[in-house]
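The values are calculated or read from the model by the stated rules, or taken from the named source; none is laboratory data. Source: prediction; values computed, not measured. Every residue, glycine as well, gets a Cβ built from its backbone with ideal geometry; the counts of neighbours run over all protein chains shown.
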Amino acid sequence: MNGDRKQDPMNTIVLVKQVPDTTEVKTDPKTGSLIREGLESIINPDDRHAIEAALRIKAEQGGKVTAISMGPPQSIDAVSEAMGMGVDKGVLLSDKAFAGADTWATSFTLGKAIEKLGGYDLILCGRQAIDGDTAQIGPQVADYLGLPQVTYVFDIEKIKATHLIVKRRLEEGYERVRCALPALLTVIGELNRPRHPMIGSLLDACRDKAPIRIWNAADIGVKTGEVGLEGSLTHVIRTFAPKFKRQGEILEGNAQEVVRLLLRKLEEARSSKLV
Ligand SMILES: Cc1cc2nc3c(=O)[nH]c(=O)nc-3n(C[C@H](O)[C@H](O)[C@H](O)COP(=O)(O)OP(=O)(O)OC[C@H]3O[C@@H](n4cnc5c(N)ncnc54)[C@H](O)[C@@H]3O)c2cc1C
């Protein structure tokens, strides 16, 4: 970011998901549910970069940063950690009615909470959660709120009164995009280096001294049938870990022998139509 920014305060909302501390999500082969035992919970890594970006924007031009998370009661730890990093206000959306939400129901619930908060200039979220992995929430929340969106953001170059200029990562290179405000950005790890939470603020958040609000379905004005499993447009019929039929084979010998052997095996595989 550079100094060519609008001087008005920027109110930013950051979406924060609590996820298990692993990128190798394992499922119970019998029940098909996620195995969470023994796993620590963390803030989704991309979301820490979103929080950092919001805090840097606030440091440059003032305004407020609010973190919102939807999840079970223990997700308050993620909101508390965000407060420890310097976020001004936290909101936890927690209600049994929200359980089992697909991405559509999650986006709808987050969208309703954002509407209730109002007064925002920018919404930041991670590109992708390391457990659900769909990368659908950001775009769906933007769609629900009728906001322009830029995904895969790795540089917030300028923020002016009416628009911002950001760079988004492409497979080979990048795209420089001008986007009207208010807007939603999904960010990637390249954007910045997130700060650690400050012990004092973290302790305040954990001791209920920080302003974290807990909202249920009634608080955001939704009926129970509109959210969670009941309000979901998609339902998981079965979850399973794929079985790998192919097995690796180590070819032994010197380089020439191995190459010859490999060519013979590829020929055999082609003639038997395996590749
Ligand atoms: C077809 C389908 C069915 C599903 N059914 C179930 C189910 O029955 N039960 C169940 O528990 N889960 C279910 N899920 C998973 C659940 O929908 C997702 O975990 C959740 O909606 C978020 O999606 P994601 O993890 O892919 O997030 P992504 O879209 O990958 O996340 C991108 C960003 O959005 C924000 N974000 C995502 N989730 C939240 C959140 N909860 N709070 C705040 N910010 C958030 C974060 O900034 C995150 O970095 C289902 C998913 C799908 C695709």
If we only count helices (runs of 4 or more DSSP H) wholly inside segment 176-275, which ones have 1 or more residues that are at positive phi and hydroxyl-bearing (Ser, Thr, Tyr)?
none
Restricting the search to segment 82-96, which residues are in contact with an Asp or Glu (Cβ under 8 Å, 6 or more places away or on another chain) and either near the ligand (Cβ under 10 Å from one of its atoms) or farther than 16 Å from Arg213 by Cα (or both)?
Met85
Subset of segment 178-200 that is within 19 Å of Val141 (Cβ to Cβ) and among the β-branched types (Val, Ile, Thr) - its residue that is nearest to the ligand (Cβ to nearest atom)
Thr186
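Here is a yes/no grid of residues against (1) assigned by TED's automatic domain parsing to the domain that holds Glu40; (2) surrounded by fewer than 19 Cβ atoms within 10 Å (Cβ to Cβ); (3) of a type in the set (Gly, Ala, Ser):
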residue: Thr109; (1), (2), (3): yes, no, no
residue: Lys112; (1), (2), (3): yes, no, no
residue: Tyr120; (1), (2), (3): yes, no, no
residue: Ile123; (1), (2), (3): yes, no, no
residue: Arg127; (1), (2), (3): yes, no, no
residue: Gln136; (1), (2), (3): yes, yes, no
residue: Pro139; (1), (2), (3): yes, yes, no
residue: Ala142; (1), (2), (3): yes, no, yes
residue: Leu147; (1), (2), (3): yes, no, no
Just checking, how many residues over segment 178-201 are in contact with a strand residue (DSSP E or B) (Cβ under 6 Å, 6 or more places away or on another chain) and farther than 18 Å from Met10 by Cβ?
2
Residue ID - farthest from the ligand (Cβ to nearest atom), chosen from residues in segment 51-80 that are within 22 Å of Gly119 (Cα to Cα) and among the β-branched types (Val, Ile, Thr)
Ile57
